[in-house]
Amino acid sequence: MEFSGIQCWTAKTPILLGIFAVTLITASSAGAQAEKSAGHSAEQLEIRQLLDYAAAAVRAGQLIYPARGSAMSLYHEALVLNPDNPEARRGLERLVDHFLSEATAAIEVERYSKANGALSRARMVDPDNPNIEPIAAELRLLENAERSRTVLDWRLVAARSSELTPTLTRAGARARNEGCRAVISVSSDAEGRWIYEQLSRAPGERRIQAQIRIASPSAVEVLCFRES
């Protein structure tokens, strides 16, 4: 055995040093793994909180406003932390579906400005959602349609009066044109079917496309579409 200063070396010294080094490496690796696991758990907790806050914002009607704290912003924050989080993605899809339903309902009653607003909000949530463009295209067609509307005397409609025959025949002739269709507004489905029968007596071979709406006043509107 050789002594030099404060050092003492034996044949076993290299083995002991090796064991010590392995122990240090193992401890360091375990510590890093624990730190990584703790960080992952903290991230998961943050995502869970964001999703819970988003659900609460939906219940409160805060879908896209305020800019911070809305359901839209909270879902996007969750996706920043985990771009593949399925709950956040479904949340954004539901928001888009909500605004598309608003747009469709507005189109049905010809409130085109409201429909455009709903589509704008859908694009704010997810501009790449494939369900937006078909509704937007339909809206553009309706906004650019050539319209001819005739209000009918409801008493003559209720009586199925032949006095309406000339008026309805002219409307039917317009509705037979390519790219045109009729919108029939009446107080009952039976009245709508009767008016459609009168429209169909107009000369021509093309089948008349028509939609019956329960609405007042009684009317026939012919829409002819052209691409915007």
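Values in this text are rule-based calculations from the coordinates and carry no lab data. Quick caveat, the model's predicted, so the values are computed rather than measured. Neighbour counts are summed over all protein chains in view; Cβ atoms, including those assigned to glycine, are modelled from backbone coordinates with ideal geometry.
For this structure, a couple of remarks:
- The C-alpha radius of gyration of the stretch 146-224, expressed as a fraction of 2.2 N^0.38 Å, stands at 0.96.
- Where a label projected 7 Å from the Cα of E43 along Cα→Cβ would reach, residues of the stretch 68-102 with amide N under 17 Å: 76-89
- The label-point distance for R207 and N82, in a model that sets each label 7 Å from Cα toward Cβ, rounds to 5.1 nm.
- Local electrostatic count at A105 - Lys and Arg +1, Asp and Glu -1, tallied over other residues with Cβ under 12 Å: -1
- Residues whose placed amide H lies under 5 Å from that of I212, excluding near-sequence neighbours: I184
- Amide H contacts of L152: S218, A219, V220, each under 5 Å away and 5 or more positions distant or on a separate chain (H built 1.01 Å from N in the peptide plane; Pro and chain starts excluded).
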